[in-house]
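Participant: Below is the structure I would like to discuss, written out as structure tokens.
The values are calculated or read from the model by the stated rules, or taken from the named source; none is laboratory data. Just so we're clear, the structure is a prediction, and the values are computed from it rather than from any experiment. A quick note on method: Cβ atoms are made from the backbone with ideal geometry, for glycine too, and the neighbour counts reach across all protein chains shown.
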């Protein structure tokens, strides 16, 4: 990943309110983005000739409740540019009580399943997603297993066993 | 292909116990005659919650779980994870360990590609290839057994290096394999590359343009089949890959046939990488000497009290990397395999996200098969080379 901070600067010049901060750790650049600007920031970064992030490597959720006791979720985007060979990580904080954020499927089609997975695992709603359904857990599953308050051994109602039997 | 002639659309169910879905993939196909109108993949039958389990394990304990992601390429999974943790800890791996890792990862790539070739050809009706490929895989499994003691779930790569040094006779046996393999590869090519039935079933099937392939997030041979020259081993070299001399093959048309050609050439290149790594294998240690991270050598445990205490301390206390987050990726046989690790400074990882290449590659299936015949679905699934273990995690 690049240590080059110009990506953040260019983004800031375009949308001054979008960039909330940034840092570099182990040579990886992280930019914190304002929740309302994620779609515009994603579009800008994918089209701007100096960043040219044509490839979305990964998108995932993180439950911050035990990390900084803030009752927030975080959506993390890992972008890569095949042409320019550099990476950047975008992070967006959203409140756990009302976890919703705009989709980036209109910028990178690959975000489709990643966002479904984040919805499945954390219950994050992606506004404007074409088909926001559970993807890995079975039909009738309750809760969002990667949230920190979800127990490791699982917590499913008795009725789910009935669903399995019925098929 | 044929335009929709009738308005009657039939929904059929393919999988999850269908031999050509390569595992427990279920596809809901909507067909108009034999033409696919819509396809809805249904995944998650193999979901074991590996990412959740990781949050309750120490950094060392998670290594065996990575084997169970892409179970055809366990070394690549170990490798990606080890690289991510090493990046987080900011430690250097000895040169010898890096070379051993390269040899292992490339042997794994050959093994994984051989299984892909075997089953892909079998799906399309060329049965002989299957037997040949499994013959070679047998030799590879013997090699893996020599170094790791197991044939499938290897867990050989450790944080800081590898579990033990290469055993006696390993280099000779590997060299024999490498010398034989090129000839074997020519045999497969005579069976398939210019085979008329093979061409008819694969040429122009499942076409995706370079632009779409990038937008859909395809990686590995799937994106290279469309002509995108991108390989993590070249663009962001890890573990001394920059010292190896190899080329990255690309296709032109982005169809099933081009992806087949790309993988065949990759087999050849991997073979060459192994040869180079064996020739230039440096001496020295096979694991870094960092006492608070790396387990002491097994042979010392029975003689040295201090080693035993040390072992106990690392196993029970785990390793506590600094708080922070890293993303490390490797070129697994299927594509870009990434690990995103968030650490809060304790012995358990706070969050591990695995970026499995198959998961993302499968996503593009709708783009590849809609408008094609039902029989092409089988060819396309084969050419994507998916493994459900890493899709469902």
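Participant: Would region B:363-380 turn up any residue that is within 13 Å of chain A (Cβ to nearest Cβ) and part of a strand (DSSP E or B)?
Facilitator: No - not one qualifying residue is present in region B:363-380.
Participant: Further question: Please enumerate the residues belonging to region B:253-302 that are farther than 19 Å from residue B:104 by Cα and part of a helix (DSSP H, G or I).
Facilitator: Listed by number, the residues that qualify are B:256, B:257, B:258, B:259, B:260, B:261, B:262, B:298, B:299, B:300, B:301.
Results for (1) touching a helix residue (DSSP H, G or I) at 6+ places or on another chain (Cβ under 6 Å); (2) within 21 Å of residue B:332 (Cα to Cα); (3) surrounded by 23 or more Cβ atoms within 10 Å (Cβ to Cβ), shown as yes or no for each residue.
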| site | (1), (2), (3) |
| --- | --- |
| B:109 | yes, yes, yes |
| B:123 | yes, no, no |
| B:141 | no, yes, no |
| B:145 | no, yes, no |
| B:155 | yes, yes, no |
| B:163 | no, yes, no |
| B:167 | yes, no, no |
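Participant: Mind telling me which of the residues B:180, B:212, B:255, B:231 ends up being crowded, with 22+ Cβ neighbours inside 10 Å, out of contact with any helix residue (DSSP H, G or I) (no Cβ under 6 Å at 6 or more places or on another chain) and farther than 30 Å from residue B:87 by Cβ?
Facilitator: B:255
Participant: Count, please, the residues in region B:303-341 that happen to be closer than 20 Å to residue B:65 by Cβ and free of Cβ contacts under 8 Å to residues at least 12 places away in the same chain.
Facilitator: Residues that pass the stated criteria total 1.
Participant: Across region B:213-224, what is the number of residues that are at the interface with chain A (Cβ under 8 Å from one of its Cβ atoms) and part of a helix (DSSP H, G or I)?
Facilitator: Of the residues in that region, 2 qualify.
Participant: Which residues, counting only those in region B:329-353, are within 23 Å of residue B:232 (Cα to Cα) and facing chain A (nearest Cβ under 9 Å)?
Facilitator: Of everything in region B:329-353, those that are within 23 Å of residue B:232 (Cα to Cα) and facing chain A (nearest Cβ under 9 Å) turn out to be B:329, B:336, B:338, B:340, B:342, B:353.
Residue-wise test of (1) away from every other protein chain (no Cβ under 14 Å); (2) part of a helix (DSSP H, G or I); (3) farther than 30 Å from residue B:162 by Cα; (4) modelled with pLDDT under 90.
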{"site": "B:4", "(1), (2), (3), (4)": "yes, no, yes, yes"}
{"site": "B:65", "(1), (2), (3), (4)": "no, yes, no, no"}
{"site": "B:75", "(1), (2), (3), (4)": "yes, yes, no, no"}
{"site": "B:79", "(1), (2), (3), (4)": "yes, yes, no, no"}
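Participant: Free of Cβ contacts under 8 Å to residues at least 60 places away in the same chain, more than 26 Å from residue B:226 (Cβ to Cβ), surrounded by fewer than 19 Cβ atoms within 10 Å (Cβ to Cβ) and touching a strand residue (DSSP E or B) at 6+ places or on another chain (Cβ under 9 Å): does that describe residue A:24?
Facilitator: yes
Participant: Name the residue that is farthest from the other protein chains (Cβ to nearest Cβ), counting only residues in region A:24-39 that are within 18 Å of the chain's Cα centre (by Cα) and closer than 21 Å to residue B:326 by Cα.
Facilitator: If we take residues in region A:24-39 being within 18 Å of the chain's Cα centre (by Cα) and closer than 21 Å to residue B:326 by Cα, then A:33 is farthest from the other protein chains (Cβ to nearest Cβ).
Participant: Inspect region A:45-61 for any residue being within 16 Å of the chain's Cα centre (by Cα), more than 13 Å from chain B (Cβ to nearest Cβ) and part of a strand (DSSP E or B) and give the result as yes or no.
Facilitator: no
Participant: Under the condition of being more than 23 Å from the chain's Cα centre (by Cα) and more than 12 Å from every other protein chain (Cβ to nearest Cβ), which residue from region B:82-94 is surrounded by the most Cβ atoms within 10 Å (Cβ to Cβ)?
Facilitator: B:94
Participant: Out of all the residues in region B:225-244, which are within 9 Å of another protein chain (Cβ to nearest Cβ), more than 16 Å from residue B:269 (Cα to Cα) and either part of a loop (DSSP other than H, G, I, E, B) or in contact (Cβ under 8 Å) with a residue 40 or more places away in the chain (or both)?
Facilitator: Within region B:225-244, B:228, B:236 qualify.
Participant: Out of B:291, B:322, I need the residue that is loosely packed, with under 14 Cβ neighbours inside 10 Å and within 14 Å of another protein chain (Cβ to nearest Cβ). Which one? Don't jump to the end; show me each part of the working.
Facilitator: Details: B:291 fails: within 14 Å of another protein chain (Cβ to nearest Cβ).
Result of the check over B:291, B:322: B:322.
Participant: Right, here's the next one. In this structure, is residue A:83 surrounded by fewer than 17 Cβ atoms within 10 Å (Cβ to Cβ), part of a strand (DSSP E or B) and over 15 Å from the mean Cα position of the chain (by Cα)?
Facilitator: No, not satisfied.
Participant: Can you tell me how many residues in region A:86-95 are more than 10 Å from chain B (Cβ to nearest Cβ) and crowded, with 20+ Cβ neighbours inside 10 Å?
Facilitator: Qualifying residue count, region A:86-95: 4.
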